[in-house]
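*Asks:* Can you keep this structure in mind? I'll have questions shortly.
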Amino acid sequence: MTKYTGLRIVSYLAPNWLGFYQAIAAYLSRVLGVETQLKQGECDPLEDPLLFQDQIDLAFICGLPLIRYSQIISNQFQTLVAPVLQSSRYGNCPIYYADVIVNANSNIQKFADLLGKTFCYNDLGSNSGYNLLCHRLIQERHPENFFVKTIQSGFHQRSIRWVVEGLADCAAIDSVVLEQELNNFPELSKHLRVVEVLGPSPIPPLAVTQRLGVSLIQQMQLALLQPDAELQRVMKQFGVKRFAAVELENYQVLNKMYRDRFVSLS
């Protein structure tokens, strides 16, 4: 059996949680006695050649691109764990929401008021930033041109700033990312309002390549389900109550919503 001396880890998620992912990487290094190298992903995971070449051992990744990737290349990645947030809105389950935000000074009060507005999104492959909102538009039979304009920001934190600065009227933001950004920059709360909550959805997991082998994967999962005091301290800072074991199948619901977008256009 191959002995792994280091784990290559990539985060495709929002940078304002990178400190949390670094703590997980450091914890796995302590527990497993191996080096870990964590990098922030620089592109859509479905466009990352390292992923398709199976050069990534662990990935913090949105559930939608993960389940879509598994349709392209099966039996490469499996889900390891997902965080459960402390806030009561998450019901002690590994879920999250998309909070639809507007500028606090706008006259937008409800979802229907977004008609004819400018919507910004982080990327087309995002569940919280794009998929859930598209699903809502389809469910309520809104026209394709519901928004007068859509613009891509690249990541949630930029979308938040664009709404604050008036460059966009609204954005759908990962609730976990939004809460962390408001915690880091409390003044933002004066400039934003949430007008709609979409979801819940299964929260982005930590995925692992099956090439590492059953034994090592089980060791990592057990370690994360029983974190030490140092990792627990960081978990508390980020509002994480615990980790939960999750299955890839849990994320199929996201892929169904994604596929429904294209069915509605046919």
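The values are calculated or read from the model by the stated rules, or taken from the named source; none is laboratory data. Everything quoted here is computed from the prediction, not taken from an experiment. Neighbour counts are summed over all protein chains in view; Cβ atoms, including those assigned to glycine, are modelled from backbone coordinates with ideal geometry.
*Asks:* Please report, ordered by residue number, the strands (runs of 3 or more DSSP E) entirely within region 157-266 with at least 2 residues that are under 21 Å from Ser74 (Cβ atoms) and more than 15 Å from the chain's Cα centre (by Cα).
*Replies:* Passing ranges, in order: 206-209.
*Asks:* Starting from residues that are assigned to a helix (DSSP H, G or I) and touching a residue at least 12 places away in the same chain (Cβ under 8 Å), keep the ones in region 132-156 and report whichever is surrounded by the most Cβ atoms within 10 Å (Cβ to Cβ).
*Replies:* Filtering region 132-156 for residues that are assigned to a helix (DSSP H, G or I) and touching a residue at least 12 places away in the same chain (Cβ under 8 Å), the one surrounded by the most Cβ atoms within 10 Å (Cβ to Cβ) comes out as His156.
*Asks:* Do we find a residue being out of contact with any strand residue (DSSP E or B) (no Cβ under 7 Å at 6 or more places or on another chain), assigned to a loop (DSSP other than H, G, I, E, B) and either in the same structural domain as Ala172 (by TED's automatic domain parsing) or without any contact (Cβ under 8 Å) to a residue 24 or more places away in the chain (or both) anywhere in region 61-72?
*Replies:* no
*Asks:* I would also like to ask the following. Quick check: anything in region 20-38 basic (Lys, Arg) and touching a strand residue (DSSP E or B) at 6+ places or on another chain (Cβ under 9 Å)?
*Replies:* Looking through region 20-38, none of the residues is basic (Lys, Arg) and touching a strand residue (DSSP E or B) at 6+ places or on another chain (Cβ under 9 Å).
*Asks:* Do you know which of the residues in region 157-174 that are surrounded by 23 or more Cβ atoms within 10 Å (Cβ to Cβ) and either of a type outside the set (Ser, Thr, Tyr) or touching a Pro at 6+ places or on another chain (Cβ under 9 Å) (or both) is nearest to Arg68 (Cα to Cα)?
*Replies:* Asp174
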